[in-house]
Amino acid sequence: MRKWQIGIALVAGLSFALLKPAFAQTNVGYADETAPGCVIFFSKGPAYLTTAAEVTIQMAAADARSSGLVRVVGPVEYAIAVKDELVRHGVPAPSILLVPRTEKALLAVDDGTDEIASVEIYY
């Protein structure tokens, strides 16, 4: 009986020793911790895209076409302008999810300087 107990203990210990590295190498990722692929900034007012913003969106569209779902997060008027530009650069409209956000100023301005709004693109 004692031989069986020692044999079972050895097999169990050896099995654990062989499996332990597999458990130790497991990496866990969380979808909520993703950073935006890019951020587009707007001056408050009409949602006009600057040349720099158009170039950034063109690069984002090239990356986003292969990723499936694209989230555009920002104030509605600005997010729609970004979505339209992404579609113009080949991202399928059904794959773009608009996530409206109320905009709070990024910095307090009292001297007549334009406030800034931002739109994030996640892909």
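The values are calculated or read from the model by the stated rules, or taken from the named source; none is laboratory data. These figures come from a predicted structure and were not determined experimentally. Note that we place each Cβ from the backbone using ideal geometry, even for glycine, and neighbour counts take in every protein chain shown. We work out accessible area using only protein heavy atoms, side chains counted, and drop any ligands, DNA or RNA first. Shrake-Rupley method; radii C 1.70, N 1.55, O 1.52, S 1.80 Å.
With both labels modelled 7 Å from their Cα along Cα-to-Cβ, the GLU54 to SER66 distance reads 2.6 nm. Each residue of the stretch 83-89 was assigned a 3J(HN,Hα) from its phi angle through the Karplus curve 6.51 cos²θ - 1.76 cosθ + 1.60 (θ = phi - 60°); the sequence is 4, 4, 5, 4, 5, 4, 9 Hz, with glycine and proline shown as x. The order of TYR48, TYR122, TYR78 by accessible area, most exposed first and with a 1.4 Å probe, is TYR48, TYR122, TYR78. Here's how it looks for CYS38: its modeled amide H is under 5 Å from those of ILE121, which are all 5 or more places away or on a different chain.
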